[in-house]
1. Averaging sequence separations of C-alpha pairs under 8 Å and six or more residues apart, then dividing by the length of the stretch 65-150, give the relative contact order as a whole percent.
2. Return the sequence-ordered ³J(HN,Hα) values of the stretch 106-111 in whole Hz as given by the Karplus equation 6.51 cos²θ - 1.76 cosθ + 1.60 applied to θ = phi - 60°, using x for Gly and Pro.
3. Using Cα atoms only, what is the angle between the long axis of helix 126-140 and the major principal axis of the chain, expressed in degrees (0 to 90) to the nearest 10?
4. Helix 77-86 against the longest principal axis of the chain: what's the angle in degrees, Cα atoms only, rounded to the nearest 10?
5. Can you give the longest run of the chain that contains no GluC sites (Glu not before Pro) sitting in a DSSP loop with at most 14 other Cβ atoms inside 10 Å?
6. Please get the size of the charge dipole for the stretch 16-79, origin at its Cα centre, with Cβ charges of +1 on Lys and Arg and -1 on Asp and Glu, quoted in debye to the nearest 20.
7. Rounded to the nearest 10 degrees, what's the angle between the helix 58-71 long axis and the longest principal axis of the chain, both from Cα atoms, 0 to 90?
8. Shape call for the stretch 1-123 from the C-alpha gyration tensor, a ≥ b ≥ c root eigenvalues: rounded (a/c under 1.5), prolate (a/b greater than b/c) or oblate?
Amino acid sequence: MKRSVFTVDEIKKKLEYYCAYQDRCHQEVEKKLSEFRLIPEAREMILLHLMQHDFLNEERFAKSFARGKFRIKQWGRKRIVQELKYRDITEYNIKSALKEIGTDEYMSTLYKVAEIKERAIKEKNAYLKKQKLYQHLYRKGYESDLIQEVIKDVISQKS
């Protein structure tokens with residue numbers, strides 16, 4: 001049987017664990033807080049406690065989110081920015097997070113993703129193959145000018 005009534009200290013401890021387990025944004029923490037149906041004063045007190053004790057840090061969240069999505073899912077900057085905006089992260093923290101991705105690493109990842117996808121596309125028509133590759137990289141969140149540059153290089157290597 002699941003308990004439905006918790007003290008403020010119990011909720012505080014649960015949210016400390018929730019934030020310590022993985023960096024969270026304010027939006028995620030507020031959603032979790034809403035499950036407890038607290039009065040506004042208690043919600044504010046808990047949020048303030050989490051920020052004061054560095055369990056909740058939006059800049060740290062943005063940086064780790066950007067690093068993780070780039071290195072693990074190989075997302076481009078545009079997709080990362082879009083996802084951070086969706087989570088109501090400030091422009092300052094978004095810029096700060098993007099600095100976590102080095103230009104050289106970004107370009108080598110883009111080339112690697114393009115080469116892998118290019119080998120996987122079975123299309124014989126060169127124009128359609130380029131189009132499919134472009135769409136894949138665009139969905140991943142890479143910038144159009146960089147995609148075109150990389151496609152030229154990747155496809156010309158095969159010719």
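Taken together, the values in this text are just the output of simple stated rules run on the coordinates, not laboratory data. What you see is a predicted model; the values in this text were computed from it and never measured. Note: ideal-geometry Cβ built from the backbone for every residue, glycine included; neighbour counts use all protein chains shown.
1. 40
2. Residue by residue, the stretch 106-111 yields 4, 5, 5, 5, 4, 4 Hz.
3. Once rounded, one gets 20 degrees.
4. 30
5. Result, exposed sites excluded: 36-122.
6. Once rounded to the nearest 20, the dipole reads 740 debye.
7. 30
8. prolate
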